[in-house]
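Everything below concerns the one structure shown next.
The values are calculated or read from the model by the stated rules, or taken from the named source; none is laboratory data. What you are looking at is a predicted structure, and each value in this text was computed from that prediction instead of being measured. When we count neighbours, we look across all protein chains shown, and the Cβ atoms used for this are built from the backbone with ideal geometry, even at glycine. Areas reflect the complete protein model, heavy atoms only, side chains present, ligands, DNA and RNA absent. Shrake-Rupley method; radii C 1.70, N 1.55, O 1.52, S 1.80 Å.
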Amino acid sequence: MMKKVLVLGGSGFIGAHVCEKLVRAGYRVSVATRKAEHAKPVMHLPGLTVLVCNVHDEAALTHAAAGMDAVVNLVAILHGSVAAFSFVHQELPAKIARACRAQAVRHLVHISALGVNTDNPQALPSHYLRSKALGELALMDGLGLRGPGATADATSLTVLRPSVVFGVNDKFLNVFAALQAHFPVMPLACADALFQPVWVEDVAQAVVQCVGQGLDGVAPSRIFELAGPQVLSLRDLVQFAARCAGIRQGRGRPVVGLPLWMGRVQAALLGLLPGAPLMSADNLASMQLPNVLDGRLPGLGAMGITPTPLETIGPQYLVADPANAGFDGLRQRHR
């Protein structure tokens, strides 16, 4: 019998890749979303079911988890108030844990963030990282996986902590490429902040493997840190995006590093613009902590996944003509 997986956040950037790989691996996938049209990126996948529900409504979430063998949580935000971060990153995981236990879901895979430390969440530099750490603790508490009340028959948990994720349609390198197409210079706060970017397909493959191993009872509760093979500064990443996009014949724009105080002013001004800000003060706070592996936890290699270098993938989608980018461009060129 095909095993059933409920994906929360399945219509997003990472979620679309996760859903495709789960379907290919033979799972029956359901995606919970507030509006059916939000699931357009994945509703074409064979056998995938779109469940229209508000995942923040615990009763609706519990109903959606009925009959599921595993749940994958990809719901997250990068910008917002303290209350918003708490609502999405702490309160929702607690609801998910209770729903999984109520419906006897066997395994839960939760996407967190590299840099999270549950030993002392309040010491983390940003609301984003603190809320992610508290969310992990809420999951472990809700599933009964820590403390004197820990139970052997609880839903098992895998936490994945990725660095910044790149790939077709990402909102990281694509944004830097687009900005350099319109501005003569790139004023950049935290230009020396370090990242270890990981390919979205590697993250999706890790999710699928963790679902399978969790359902098979292999090392039931654990944490992995996911990162690529290279450590790069934010300045390096901006310049790489420009080279691939052909900005100024690949030379890109001059990058002007800003002191932190000026970066905060820039973030405050960007926050006044409509839509999600390109950079927030909380993002700057997160970047005070290197977003790189420290070697204390297993990573992609422990799953048998060889991390893909940015140089292999970036030039395929960070191109001057977006119509020729990635898989869509490949299909277009071979018609």
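When the Cα positions of Thr312, Ala193, Ala99 are compared along the charge dipole of the chain, Thr312 comes out farthest toward the positive end, with charges on each C-beta of Lys, Arg, Asp and Glu. Here the gap between Ala59 and His182, fully extended at 0.36 nm per residue and compared with their Cα-Cα distance, gives a gain of 39.6 nm. Apolar share of the accessible surface for the chain: 58 percent from carbon plus sulfur atoms, 1.4 Å probe.
Positive contributions from Lys and Arg (+1) and negative ones from Asp and Glu (-1), summed over other residues with Cβ under 15 Å from the Cβ of Val231, come out at -4. Over the chain, accessible surface divided per residue gives 46 Å², non-protein components excluded, 1.4 Å probe. With each label modelled as a point 7 angstrom along the Cα→C-beta vector, the Lys35-Ala276 pair spans 1.6 nm.
If you take the Cα centroid of segment 52-111 and the Cα centroid of segment 247-277, the two points sit 34 Å apart. The angle between the Cα long axis of helix 260-270 and the main principal axis of the chain comes to about 80°, on a 0 to 90 degree scale. In this Cβ point-charge picture (+1 for Lys and Arg, -1 for Asp and Glu), segment 221-314 has a dipole of about 300 debye about its Cα centre. Think of the chain as a dipole: +1 on every Lys or Arg Cβ, -1 on every Asp or Glu Cβ, centred on the Cα centre; then among Val116, Ala39, Gly299, Ala39 lies furthest on the positive end. Each Lys and Arg contributes +1 and each Asp and Glu -1, all at the Cβ; summed about the Cα centre of the chain, the dipole is approximately 540 debye. In this structure, the amide hydrogen of Leu51, modeled 1.01 Å from its nitrogen in the peptide plane, lies closer than 5 angstrom to those of Val31, Ala32, Thr33, counting only residues at least 5 positions away or on a different chain.
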